[in-house]
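Note sheet for the following structure.
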Amino acid sequence: MYRKEIYVFDRERPVPTVIRNYRESDFSSLIRIQQESFPPPFPSELWWSPEQLRNHVDLFPEGALCIEVNGEIAGSMTGLLVDHDPNHPAHTWSEITDDGYIRNHNPHGNTLYVVDISVRPSYRKLGLGKWLMLSMYDVVVHKGLERLLGGGRMPGYHKKAGEMSAEQYLEAVIKGELADPVITFLLRCGRTPVKVAADYLEDEESCNYSVLMEWKNPFFTRRFERRDKSEILNKRTQYSK
């Protein structure tokens, strides 16, 4: 199981912080965080339910992380494993996360898919979201996965939808001509855009668009190259006998 003890900074003041796997006793706090993090017009039916959270801790506890500041849960991040084909990336949030219930979690999947990340608004100046993301990268490396992948909302897009396409909006954010609360944050966390996804999630602010963004495991290719070379040498040895 995962546990990381760090300090975050409130201006110049170090604040003790713990990142760990969440458990059933945390459910009520996690639901409150959802309510604070995603107020209307975000659909309230997309907030976590106890049944969904129970599936998270039962089916893939490694992908159920929370962050505590001075003993209070201030944010959470949830993922599941999927077998992702980069040649066929199209999907919706509902399809790939089983509407947040993750009953489709594949223990043998090659990709950790982000179901959700949320931080209580009163704690957002402490950089907790980035620490949660970095911790989920730890899980990707530890499990030897190819990548972390997820759909990033575009909550600033509704202000520009009459002027540009979603693809043009993303390009403007990447160039630094515009800043988006979510996409810019994900770029700062090391995520890179894969494609714009239409009708990804019912989200008025994003006009139902999302940007699929990934983080590739920098150890994955080298690890498997070593394994492949070893297999080749073993076969050569067998044939020479």
remark   = With a 29 Å threshold on alpha-carbon distance, the violating pairs from Lys4/Lys195; Lys130/Lys175; Lys4/Lys160; Lys159/Lys216; Lys4/Lys175; Lys143/Lys175 are Lys4/Lys195; Lys4/Lys160; Lys159/Lys216; Lys4/Lys175; Lys143/Lys175
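Using just the alpha carbons, could you tell me how many Å³ per residue the convex hull of the range 1-125 encloses? Write out the running numbers ahead of the final one.
Working: hull volume 15.7 nm³, N = 125.
Convex hull volume per residue, Cα atoms: 125 Å³.
Where Lys and Arg each count +1 and Asp and Glu each count -1, what net charge lies around Arg3 among other residues with Cβ under 15 Å from its Cβ?
Around Arg3, the charge tally is -2.
So if I take the alpha carbon set of the range 111-216, get Rg, then get Rh from the Kirkwood formula, what is the Rg over Rh ratio?
Details: Rg = 13.9 Å, Rh = 14.3 Å.
With Rh from the inverse mean 1/r over Cα pairs, Rg/Rh is 0.97.
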remark   = From the Cα centre of the range 39-89 to that of the range 170-202, the distance in Å is 20 Å
task = Can you tell me how much longer the chain between Lys159 and Arg11 gets when fully stretched, taken as 0.36 nm per residue apart minus their C-alpha distance, in nm with one decimal?
result = 50.1 nm
key: Counted charge near Glu177, where neighbours are those whose Cβ lies closer than 15 Å (Asp, Glu -1; Lys, Arg +1)   = -1
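Where Rh denotes the Kirkwood radius from the mean inverse Cα pair distance, what is Rg over Rh for the chain? List each step's numbers first, then the result.
Numbers: Rg = 19.3 Å, Rh = 19.1 Å.
Looking at the chain, the ratio lands at 1.01.
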query = Residues with beta-carbon under 13 Å from that of Gly151, excluding Gly151: net charge, scoring Lys, Arg +1 and Asp, Glu -1?
reply = -3
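Which GluC sites (Glu not before Pro) in the range 121-213 sit in a loop by DSSP (not H, G, I, E or B) and have at most 11 other Cβ atoms within 10 Å of their own Cβ? Present the calculation step by step, with values, prior to reporting the outcome.
Details: sites: Glu146, Glu163, Glu167, Glu171, Glu177, Glu202, Glu204, Glu205; in loops: Glu146, Glu163, Glu177, Glu202, Glu204, Glu205.
The qualifying sites are Glu163, Glu177.
Can you list which of the GluC sites (Glu not before Pro) found in the range 1-86 are DSSP loop residues with at most 14 other C-beta atoms within 10 Å?
Values: sites: Glu5, Glu12, Glu24, Glu36, Glu45, Glu51, Glu62, Glu68, Glu72; in loops: Glu12.
Of the GluC sites (Glu not before Pro), the ones in loops of the range 1-86 whose Cβ has at most 14 other Cβ atoms within 10 Å are Glu12.
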query = Where does the Debye-calculated log10 I(q)/I(0) of the range 48-179 sit at q = 0.16 Å⁻¹, using only Cα point scatterers of equal weight, no solvent?
reply = -0.94
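No value in this document is a laboratory result; all are computed from the given coordinates. These numbers were taken from a predicted model, which means no experiment stands behind them. Using ideal geometry, Cβ is built from the backbone for each residue, glycine included, and neighbour counts are taken over all protein chains shown.
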